[in-house]
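Read the structure below first, then the notes.
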Amino acid sequence: PKAFSVLGIPVHVMSNYPGWLLECLQHSRGTHVVTLNAEMTMQAERNNSLAKVIQDAELVIPDGAGVVLYLRWLFWQKVQRCPGIELAEILLRELEHKQTGAKVFFYGGAPGVAAKAAEFWQQQTPALSVVGTHSGYHSPEEEAQLKQTLAQLQPQVIFVGLGVPRQELWIAQNRHLCPQAIWIGVGGSFDIWSG
Ligand code: UDP
């Protein structure tokens, strides 16, 4: 996709992000989605690993109002703000129709939060298959187990809600476990979906 540089970070501008992601799924093209706001670009300036991970992500969407204004002023681009949580919600709803039975995994948040968010989505989109959840606070042994589970299940969509930059770094390190999946860092979205 077409990218514009925001302080050295490429941001992809397109009219239909969920549609693009559904196409990735159809073609089994593994994708890391970063939802970029101004706070993250500033973190990336201080944190080279984070900057590198965002630069390598297949899709960087303008999540924050600051990023959107920057793109409008500097490049005269018609850019719509696309909050990460909304992208995730639209993706799940469209995926339910386009790929019945698609497997979804929720990782992150305080104990029980991902499970509650997963329960909410299993009700909202019953034709999808929520195949697993894991809290974001755990021992190294539990994390090893989580990785094994992901490798075995091969979910099509994996939401990672560990906060920035933890979730971005974790995805970059572990996406090889499910090379055909869409991996999205969703921050505190599980806290909202869990009610
Ligand atoms: N979190 C986690 N493990 C940690 C630290 C944080 O799972 O070790 C979760 C936390 O419970 C919360 C989310 O990460 O659900 C961070 O949410 P926040 O809205 O602060 O994210 P950001 O603003 O960084 O996107």
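Between LYS52 and THR149, the distance separating the two model label sites (each 7 Å from Cα on the Cα→Cβ line) works out to 3.0 nm.
Simple point charges give the picture: +1 on the Cβ of Lys and Arg, -1 on the Cβ of Asp and Glu, and for the chain a dipole about the Cα centre of about 420 debye. Under 5 Å from the amide H of VAL60 lie the amide H atoms of HIS12, VAL34, each residue being 5 or more positions distant or on a separate chain, with H modelled from the backbone and absent for Pro and chain starts. Look at the alpha carbon pairs under 8 Å that are at least 6 residues apart: their mean separation over the length of the stretch 84-187 gives a relative contact order of 29 percent.
I'd like the FRET efficiency for GLN173 and HIS27, computed as 1/(1 + (r/R0)^6) with the beta carbon distance as r and R0 of 35 Å, rounded to 0.05. Using R0 = 35 Å, I get an efficiency of 0.90.
In the stretch 3-193, Cα pairs under 8 Å separated by at least six residues give a relative contact order of 25 percent. Each of TYR17, TYR137 has some number of other Cβ atoms within 10 Å of its Cβ, and from fewest to most they run TYR137, TYR17. Mean residue ellipticity at 222 nm, helices only, the chain: -14500 deg cm²/dmol; runs of at least 4 DSSP H residues each add -39,500 (n - 2.57), and the sum is divided by the number of residues. Over all Cα atoms in the chain, the spread is summed up by Rg and Dmax: 16.0, 49 Å. Taking other residues whose beta carbon is less than 13 angstrom from the beta carbon of LEU91, and scoring Lys, Arg as +1 and Asp, Glu as -1, yields -3.
Protection proxy ranking for 107-115, 19-27, using the average of other Cβ atoms within 10 Å per residue and placing the highest first: 107-115, 19-27. Among DSSP bridges having both ends in the chain, what percentage is antiparallel? Round to the nearest 5. The answer is about 15 percent antiparallel. Here ARG166 and LEU69 are evaluated by their C-beta separation; at R0 = 25 Å the FRET efficiency comes out at 0.40.
Using alpha-carbon pairs under 8 Å, 6+ residues apart, how would you state the relative contact order of the stretch 79-132 in percent? Numbers along the way, then the final one.
Working: 43 pairs, mean separation 21.6, N = 54.
About 40 percent, as a whole number.
Readers should treat all values here as calculations from the given coordinates under stated rules, not as data from a laboratory. Here the structure is a predicted model, which is why all the values come from computation and not from measurement. Cβ atoms come from the backbone with ideal geometry, glycine included; neighbour counts cover every protein chain shown.
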